[in-house]
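Asks: Sharing a structure here in structure tokens format.
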Amino acid sequence: MQDKFKSSTVYQIYIKSFCDSNGDGIGDINGIRSKLPYIKSLGVKYIWVTPLFCSPMADNGYDVSDYRNINPMFGTMEDCEKMLSEADELGIGFMFDMVFNHTSDEHEWFRKALAGDPKYMDYYIFRDNPPEWSSVFGGSAWEFVPSLGKYYLHLFDPKQPDLNWDNPAVREELKDVVRFWKGKGVKGFRFDVLNLTSKPANLESLPSGAGASFCKDGPHIHEYIRELAEDSGITDMITVGEMSSTTLENCIRYSSPESHELSMCFNFHHLKVDYKDGGKWTLMPPDLNELRRIFSQWQEGMSKAGSWQALFWCNHDQPRIVSRFGDEGEYWKESAKMLATFVHLLRGTPYIYQGEELGMTNAHFTDISQYQDVESLNYYRIMRENGTSEADAIAVLGAKSRDNARTPMQWTSGHEAGFTAGKSWLSVTGNYTDINAEAEESDPDSILNYYRQLVQLRKDYAVISDGDVRFIETGNEKVIGYERRLNGERLVVLCNFSGNDEKVTGVDVKGKVLIGNYSGTHRMMKPYEVLAILEG
Ligand code: TEU
Ligand code: CA
């Protein structure tokens, strides 16, 4: 089963910001269809598209009001079917994004629950005296419903009530949704915050704190995931679970071929190395020792167990990686290529988030009115209420907001970066005149063409798709190195995460350079240099 995705790369589309076909300023299905040849040219095998189902869009589609219909803002079911079959003809499979931890409060199940229908009240989590839990987006995780005299749980926004997975009827409904899309020709699934779905027993007796932290990897989670995968017939498809604050032991089990749960997991520990004291709304340079420690622990641990990781730096919730761990200035191109190489040559399935292959940067918004994301707007308010200055709050959002990832895809240097003929729903990033697909297409040395090489290398070299992995000592904390081994072959990858020349000691390697961003040697590495050397 792992052969399906071992040599494959996945491309992630955030539909609202990818390509607008009708000038209303919002990306859509026909926009995606028009860009399928571009995606094909990257060499990827799968596209994960963020939710395109009916939704009031309180969280841009992660609040689903109807799992079986297309949001009219994005197109029609007919458009969707065409998109699926056109991709199929190009040898690309779509992975749909199943948001099953919660629905929208506008979903008919929740409307019936609010009306007091006991069947549907049991689809959600209502309590009389809930513990004081905070939600991921700020504020309480419990909303009071006066007409019922009860509170309902929402780990995210109040418009995203959590489903009660302990109710077998809920699990049956969700399996039916999976079967529905499988029947339409969808080739795989991404499951949103899947490991938050099995809630702890005796909720009311738990202490106060962050709601999500009490719900991760809950008591029945493995059983529920296995049941979902087996009963909906997707154990041989590509599936990825988004796992919130999980552990290595749990992810080994989620993605082990023997457990019939998932193909692979997203985990986020490596994207918290720039969180001061674990807090997102802080500013701190990345801790490279911690980054190395986390990757070696997870890569080596998953490898030994025969389980599988989703490899990524970017998605629609994360700031742009070149702005975050790289350099937007002098070493923009070098650092984007180094960061790309680091994840693409690891053991697992790499994900490219739209625009990452162009080296797209953070948004650099200067005013709160430019932000749209519910989480960003909430935390701006919270920071201001806590006495953070306007300038400091804008600086934190500038580094941490999810909108950094959501600015329109930069296709050309023309009107609205070629994203729309109208006015984009979210401002285009100012550097689109330099950073865009059209410009990079014609430059053989571009970040875009470099990503194409990385995708191809995974197909060409079994040591990349299949080899073991081990992190190696480089004698320099700024240079992270690892080796991959398979059948007597050895691939050594060295990545300089600093903007200075860095010396490497103790690495003995002779062979051909498979890919790199300078024509350097491995003993003295240039700023953000990466080198991958194949021996044997
Ligand atoms: O995200 C889950 C999640 O917990 C984070 O990635 C979150 O967005 C971040 O930590 C906030 O600081 C998923 C989706 O990817 C995200 O877009 C949704 O908003 C969220 O679930 C709720 O469905
Ligand atoms: Ca549109």
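Asks: Reported to two decimal places, what Rg/Rh ratio describes segment 320-386 when computed on Cα atoms with Rh from the Kirkwood expression?
Replies: Dividing the radius of gyration by the Kirkwood radius yields 1.10.
Asks: How large are Rg and Dmax for segment 409-536 when only the alpha carbon atoms are used, in Å?
Replies: Cα only, segment 409-536: 18.5, 56 Å (Rg, Dmax).
Asks: Read phi for every residue in segment 303-313 and hand back ³J(HN,Hα) as whole Hz from Karplus 6.51 cos²θ - 1.76 cosθ + 1.60, θ = phi - 60°, with x for Gly and Pro.
Replies: Going residue by residue, I get 4, 4, 7, x, 8, 9, 10, 7, 9, 6, 10 Hz, with x marking Gly and Pro.
Asks: Additional query: When the helices in the chain are scored as -39500 (n - 2.57) per DSSP H run of 4 or longer and the sum is shared across all residues, what 222 nm value do you end up with, to the nearest 500 deg cm²/dmol?
Replies: Calculated mean residue ellipticity at 222 nm is -8500 deg cm²/dmol.
Asks: Hey, can you grab everything whose amide H is under 5 Å from the amide H of Phe53? Only 5+ residues off in sequence or another chain; H modelled, so Pro and N-termini drop out.
Replies: For Phe53, whose amide H was placed from the backbone, the distant partners under 5 Å are Asn71.
Asks: Hey, another quick one. Taking the Cα-to-Cβ direction at Lys280 and at His364 and moving 7 Å from each Cα, how far apart do the two end points lie in nm?
Replies: With each label point 7 Å from Cα toward Cβ, the separation is 2.5 nm.
Asks: Let me ask something else about it. Given a Förster radius of 41 Å and the C-beta distance between Glu78 and Thr505 as r, what FRET efficiency does 1/(1 + (r/R0)^6) yield to the nearest 0.05?
Replies: Using R0 = 41 Å, I get an efficiency of 0.10.
Asks: If the cut-off is a Cα-Cα distance under 19 Å, which lysines reach Lys45, setting aside same-chain residues fewer than 8 apart in sequence?
Replies: Lys4, Lys6, Lys35, Lys82, Lys182, Lys184, Lys187, Lys459
Asks: Thinking of segment 467-535 as a set of Cα atoms, what percent of all their pairs are more than 17 Å apart?
Replies: 34 percent
Asks: For segment 173-228, with only Lys/Arg (+1) and Asp/Glu (-1) charged at the beta-carbon, what is the dipole magnitude about the Cα centre, in debye rounded to 20?
Replies: So the magnitude is around 420 debye.
Asks: A further question on this structure: Extension gain Asn167-Arg127, at 0.36 nm per residue separation less the Cα-Cα distance, in nm?
Replies: Stretched out fully, the Asn167 to Arg127 stretch lengthens by 12.9 nm.
Asks: Take the alpha-carbon centre of segment 121-155, take the same for segment 259-326, and report the distance between them in whole Å.
Replies: Computed from Cα coordinates, the inter-centre distance equals 31 Å.
Asks: What relative contact order, as a whole-number percentage, does the chain give when Cα pairs under 8 Å and 6 or more residues apart are counted?
Replies: It comes to 13 percent, rounded to a whole number.
Asks: To the nearest 10 degrees, how steep is helix 77-89 against the longest Cα principal axis of the chain, on a 0 to 90 scale?
Replies: 30 degrees
Asks: How far is helix 374-385 tilted off the main Cα axis of the chain, in degrees rounded to 10, range 0 to 90?
Replies: 90 degrees
Asks: If you don't mind, there's one more thing I want to ask. Show me 140-148, 119-127 ranked by packing, highest mean number of other Cβ atoms within 10 Å first.
Replies: By packing density, highest mean first, the sequence is 119-127, 140-148.
Asks: Where does each of 398-407, 518-527 land if you order them by average Cβ count within 10 Å, highest first?
Replies: Packing proxy ranking, top to bottom: 398-407, 518-527.
Asks: Using each residue's phi in segment 393-409, evaluate 6.51 cos²θ - 1.76 cosθ + 1.60 at θ = phi - 60° and report the 3J(HN,Hα) Karplus result to the nearest Hz, with x for Gly and Pro.
Replies: Taking θ as phi minus 60°, the curve returns 5, 5, 5, 5, 4, x, 8, 10, 4, 5, 5, 4, 8, 10, 5, x, 4 Hz for segment 393-409.
Asks: Can you sort Tyr528, Tyr14, Tyr331 by how many other beta carbons sit within 10 Å, fewest first?
Replies: Ordered from fewest to most neighbouring Cβ atoms within 10 Å, Tyr528, Tyr14, Tyr331 come out as Tyr331, Tyr14, Tyr528.
Asks: I've got another one for you. In whole Hz and in residue order, list the ³J(HN,Hα) couplings for segment 239-253 that follow from phi through the Karplus curve 6.51 cos²θ - 1.76 cosθ + 1.60, θ = phi - 60°; x for Gly and Pro.
Replies: Couplings: 9, 9, x, 7, 10, 8, 5, 8, 10, 4, 4, 5, 5, 4, 6 Hz.
Asks: Given N residues in the chain, what is its alpha carbon radius of gyration divided by 2.2 N^0.38 Å?
Replies: 0.95
Asks: Next question, about the same structure. Taking only C-alpha pairs under 8 Å that are 6+ residues apart, what is the relative contact order of segment 110-227 in percent?
Replies: Taking the mean separation of contacting Cα pairs over the length of segment 110-227, I get 25 percent.
Asks: For Val374, Val493, Val513, what ranking results if the residue with the fewest other Cβ atoms within 10 Å of its Cβ goes first?
Replies: Val513, Val374, Val493
Asks: How large is Rg/Rh for segment 260-374, to two decimals, with Cα atoms and a Kirkwood Rh?
Replies: Here the Rg-to-Rh quotient is 0.98.
Asks: Another question, then. Of the listed peptides 68-78, 30-40, what is their order by residue-averaged count of other C-beta atoms within 10 Å, with the highest listed first?
Replies: Taking the mean over residues of other Cβ atoms within 10 Å, the ranking is 30-40, 68-78.
Asks: Something else about it: For the Cα atoms of the chain, what angle does the longest principal axis make with the long axis of helix 168-183, in degrees from 0 to 90, nearest 10?
Replies: With both axes taken from Cα atoms, the answer is about 50 degrees.
Asks: Can you list, largest first and rounded to whole Å, the semi-axes you get for segment 158-206 by taking the square root of 5 times each eigenvalue of its Cα gyration tensor?
Replies: Value: 26, 12, 10 Å, ordered largest first.
Any read-out appearing in this document is the output of simple, stated calculations on the displayed coordinates, not a laboratory observation. Nothing here was measured: the structure is a model prediction, and the numbers come from that model. Quick reminder, even Gly has a Cβ in these numbers, built from the backbone with ideal geometry, and neighbours come from all protein chains shown.
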